[in-house]
Amino acid sequence: MIAFIIILILLLALLLGLFVLYQKAFYNPYRNADEIHTEPFLKDKDQFDEIINQAKRLSEIPCRRVYTRSYDGLRLAGRYYHIADDRPLCICFHGFRGSALRDFSVMGQFLQNEGYNVLIVDQRAHFKSGGHTIAYGIRERKDVLSWIEYANRRFGHDHPIYLFGISMGAATVVMASGLDLPPNVRLICADCPYSSPRDIITHVVRWSFKKAELVWPLIRFSALIFGRLNIRKDITAANAVKDTKTPVLIVHGEDDAFVPPAMSEAIHAANPAMVEYHTFPNAVHGVSYFSDPDRYIAIVRDFIKRHS
């Protein structure tokens with residue numbers, strides 16, 4: 001009897017530990033938080049304040065709330081900014097535990113000023129979109145298809161679509177490049193993507209525990225138990241671009257400690273003919289634009305011009 005109780009306690013402790021790992025890695029505690037006033041994620045207060053101010057401005061631009069269904073039945077939400085019927089549509093995907101308003105505070109306005117229709121979406125498990133498990137692009141890449149299908153129903157299958165993403169959103173759109181995208185998806189712009197879910201999770205774990213490889217099986221098992229998420233080795237951004245037919249632009253800050261530039265380099269190396277890669281000196285995670293706005297905009301404009 002005592003042995004049974006001890007085993008039961010150990011199993012409960014293991015289950016609790018796995019649940020904590022799931023909460024830390026795959027659950028979004030900020031989904032009901034303010035979409036603008038997020039936790040500071042930059043040491044540079046001036047840059048962070050500028051992002052918040054730009055997010056406020058974007059939130060004040062009139063938009064239409066739009067919704068679609070994911071492949072697994074979740075309600076996905078987005079903000080649609082209409083410029084003109086005959087203009088291309090940019091669909092934008094934010095980062096891990098980020099928000100559409102914050103992560104596209106600048107680019108969301110820039111793309112509208114360039115004359116594009118803009119759809120910035122809430123990724124699954126974030127804000128108005130359904131779901132509880134952040135899947136690091138494994139499921140989100142299929143949500144990209146759901147939004148493309150939504151756009152094609154609304155605008156027609158010949159309407160040009162450009163995909164944009166930052167951080168996890170960047171990995172999401174790059175991973176989607178390996179799917180059967182319709183031909184009206186002309187290009188993909190990705191700011192600081194990671195090479196694979198496992199790569200980014202183990203990289204972050206190493207900040208606290210150097211032997212991340214020992215913890216990884218438990219993290220993966222926690223995702224399987226509580227999120228029914230199988231983190232397969234073959235579903236990676238680097239694998240996705242190998243046979244892609246969609247041009248991909250990657251930009252990355254050279255001082256990015258959260259997602260090391262080496263991850264973008266690995267994606268570029270997988271298919272240099274289809275993946276264009278630019279780095280920005282002194283830029284940390286997700287703020288390459290602020291390190292050199294003119295160069296950043298010039299790169300994006302030139303890429304769109306060549307591939308639109």
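Quick check on region 216-240: of everything there that is assigned to a helix (DSSP H, G or I), touching a residue at least 24 places away in the same chain (Cβ under 8 Å) and farther than 18 Å from ALA125 by Cβ, which residue is most open to solvent (accessible area, probe 1.4 Å)? I'd like the intermediate steps shown before the answer.
At the first step, the residues of region 216-240 found to be assigned to a helix (DSSP H, G or I) are 216-227, 237-240.
Next, only the ones that are touching a residue at least 24 places away in the same chain (Cβ under 8 Å) stay: 218-219, 221-223, 225-227, 237-240.
Still in the list and also farther than 18 Å from ALA125 by Cβ: 218, 221, 237-240.
On the way: LEU218: 77, PHE221: 100, ALA237: 0, ALA238: 21, ASN239: 62, ALA240: 15 Å².
If we take residues in region 216-240 being assigned to a helix (DSSP H, G or I), touching a residue at least 24 places away in the same chain (Cβ under 8 Å) and farther than 18 Å from ALA125 by Cβ, then PHE221 is most open to solvent (accessible area, probe 1.4 Å).
Look at region 271-305 and say how many of its residues are under 20 Å from the mean Cα position of the chain (by Cα) and more than 24 Å from CYS90 (Cα to Cα).
Qualifying residue count for the region: 2.
Of these, ARG206, ARG154, which one is within 19 Å of SER70 (Cα to Cα), open to solvent by 20 Å² or more (accessible area, probe 1.4 Å) and of a type in the set (Lys, Arg)?
Unique residue meeting the criteria: ARG154.
Given the criteria of a type outside the set (Val, Ile, Thr), open to solvent by less than 60 Å² (accessible area, probe 1.4 Å), under 30 Å from VAL215 (Cβ atoms) and touching a residue at least 40 places away in the same chain (Cβ under 8 Å), does ARG31 qualify? Write out each step before concluding.
Numbers: of a type outside the set (Val, Ile, Thr): yes; open to solvent by less than 60 Å² (accessible area, probe 1.4 Å): yes; under 30 Å from VAL215 (Cβ atoms): yes; touching a residue at least 40 places away in the same chain (Cβ under 8 Å): yes.
So ARG31 fits the description; yes.
Just checking, does region 176-195 include any residue being closer than 29 Å to LEU111 by Cβ, part of a helix (DSSP H, G or I) and either in contact with a helix residue (DSSP H, G or I) (Cβ under 6 Å, 6 or more places away or on another chain) or among the acidic types (Asp, Glu) (or both)?
yes
Quick check, is TYR22 of a type in the set (Ser, Thr, Tyr), open to solvent by 90 Å² or more (accessible area, probe 1.4 Å) and out of contact with any strand residue (DSSP E or B) (no Cβ under 7 Å at 6 or more places or on another chain)?
Working: of a type in the set (Ser, Thr, Tyr): yes; open to solvent by 90 Å² or more (accessible area, probe 1.4 Å): no; out of contact with any strand residue (DSSP E or B) (no Cβ under 7 Å at 6 or more places or on another chain): yes.
No: the conditions fail for TYR22.
Note down all Cβ pairs under 6 Å where the first residue falls in region 246-264 and is farther than 21 Å from ARG97 by Cα, the second is crowded, with 18+ Cβ neighbours inside 10 Å and of a type in the set (Phe, Trp, Tyr), and they're at least six residues apart or on different chains.
LEU249/PHE303
For region 261-283, which positions are at pLDDT 95 or above, of a type outside the set (D, E, K, R) and open to solvent by 30 Å² or more (accessible area, probe 1.4 Å)?
Selection gives ALA262, ALA266, HIS268, ALA269, ALA270, PRO272, ALA273, MET274, TYR277, HIS278, THR279, PRO281.
Does at least one position in region 159-174 carry a residue that is of a type in the set (Val, Ile, Thr), more than 26 Å from GLY115 (Cβ to Cβ) and either in contact with a Gly (Cβ under 9 Å, 6 or more places away or on another chain) or not in a loop (DSSP other than H, G, I, E, B) (or both)? So that I can check it myself, show each step before the final result.
Within region 159-174, the first condition is being of a type in the set (Val, Ile, Thr), and the residues that meet it are 161, 166, 172-174.
Those left that are additionally more than 26 Å from GLY115 (Cβ to Cβ): none.
No, the conditions are met nowhere in region 159-174.
The values are calculated or read from the model by the stated rules, or taken from the named source; none is laboratory data. As the structure is a prediction and not an experimental result, all values here were calculated from the model. FYI the Cβ positions are ideal-geometry reconstructions off the backbone, even for glycines, and counts take in every protein chain you see. Just so you know, the surface numbers come from the protein's heavy atoms only, side chains and all, with ligands and any DNA or RNA stripped out. Shrake-Rupley method; radii C 1.70, N 1.55, O 1.52, S 1.80 Å.
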